[in-house]
């Protein structure tokens, strides 16, 4: 958000505030609290509930919640309504292109009672209106492929203001080994809907597909970046169960080739509509995606002369630098350019 970036961008850049923490697997409750000065957020909170046979009781008051099972089973009661759900085997159980994610929405002015076994991640933010509780099972969600080449990923939308919440927007993204997400770069930290941008904070919860076996072994890893082109240019090593508070700016993430990555994401703001504005310097990657589809439609074309390629690419308006990058990308995709 614009106000959050004004408050925290330079403090993050100068390492006075750390936007990343690693969940220790033991704590139960709120982990990123926007009311704490050391948390670079103003609206959005994140926590994890470690479930047991005893009920955990939470009063939401003016805030709403979205809970996403990480592994295990749960029974919940929200203001008299009962819900049951599960996530067997964790987020990677079904493999690429599939998802076993689900979500429980708890509105403001509610009492949540929840018990079970395993872990429930949750987001909370101020409610903008009163809604009804609901549970969205894995049978009700769909997996959508976005991007192309090394920035292709699978996205699952779980909850948003168009289908049940008043503020919170929650989902999961799967990134194959070595691939980028949050690409092409975009931002959502200004209240400027006429120009295609909204004002939202975000939190990522990173999960990797394997865990190290001993304390002296390396973790599977990736890199999370925060930058706004002016005040903030930082990169962070991420490992399993790392939390990243994103006050604003661009926030691409790349997983190393040694693991798959699934990150849970949640957004909250002061208005409901989400609009992500592409960064103009890198928007050509979306035109690359369109051009790749043209070439895929001509599957017999695997050898291309530069002049023919220029002709095919002409309608896309690539600059000299972008055309050079296009050639390099096509070569890596198996095309012969001469």
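Residue check, residue 40 against (1) in contact with a helix residue (DSSP H, G or I) (Cβ under 9 Å, 6 or more places away or on another chain); (2) over 24 Å from residue 173 (Cα atoms), all met but one. Which one?
Evaluating residue 40 over (1) in contact with a helix residue (DSSP H, G or I) (Cβ under 9 Å, 6 or more places away or on another chain); (2) over 24 Å from residue 173 (Cα atoms) leaves (2) as the failure.
Considering only the range 36-49, how many residues are part of a loop (DSSP other than H, G, I, E, B) and either touching a strand residue (DSSP E or B) at 6+ places or on another chain (Cβ under 8 Å) or over 21 Å from residue 12 (Cα atoms) (or both)?
Step one: of the range 36-49, the residues part of a loop (DSSP other than H, G, I, E, B) are 36-44.
With the extra rule that they be either touching a strand residue (DSSP E or B) at 6+ places or on another chain (Cβ under 8 Å) or over 21 Å from residue 12 (Cα atoms) (or both), the set shrinks to 39-44.
The number of residues fulfilling the criteria is 6.
Which one is surrounded by the most Cβ atoms within 10 Å (Cβ to Cβ), of the residues in the range 154-170 that are assigned to a loop (DSSP other than H, G, I, E, B) and within 14 Å of the chain's Cα centre (by Cα)? Walk me through it before giving the result.
Quick first cut of the range 154-170, residues assigned to a loop (DSSP other than H, G, I, E, B) only: 160-168.
With within 14 Å of the chain's Cα centre (by Cα) added as a condition, the list becomes 160, 168.
Values: 160: 18, 168: 29.
Ranking the candidates gives 168 first.
Would you list the strands (runs of 3 or more DSSP E) that sit entirely within the range 221-260 and hold 2 or more residues that are modelled with pLDDT of 95 or more and over 19 Å from residue 31 (Cα atoms)? Outline the logic, then answer.
Working: elements: 222-227, 233-238, 242-246, 253-255.
Output list reads 222-227, 233-238, 253-255.
Within the range 64-86, is even one residue within 30 Å of residue 230 (Cα to Cα) and without any contact (Cβ under 8 Å) to a residue 12 or more places away in the chain?
So in the range 64-86, the residues within 30 Å of residue 230 (Cα to Cα) come out as none.
Checking the range 64-86: not a single residue is within 30 Å of residue 230 (Cα to Cα) and without any contact (Cβ under 8 Å) to a residue 12 or more places away in the chain.
Would the range 121-129 turn up any residue that is at pLDDT 95 or above and farther than 19 Å from residue 273 by Cα? Spell out the reasoning first.
Our first condition is that a residue be at pLDDT 95 or above; within the range 121-129, this holds for 121-129.
Imposing the further condition that a residue be farther than 19 Å from residue 273 by Cα reduces the set to 121-122.
Checking the range 121-129: at least one residue is at pLDDT 95 or above and farther than 19 Å from residue 273 by Cα.
The values are calculated or read from the model by the stated rules, or taken from the named source; none is laboratory data. These figures come from a predicted structure and were not determined experimentally. Positions of Cβ are backbone-derived with ideal geometry, glycine not excepted, and every protein chain shown enters the neighbour counts.
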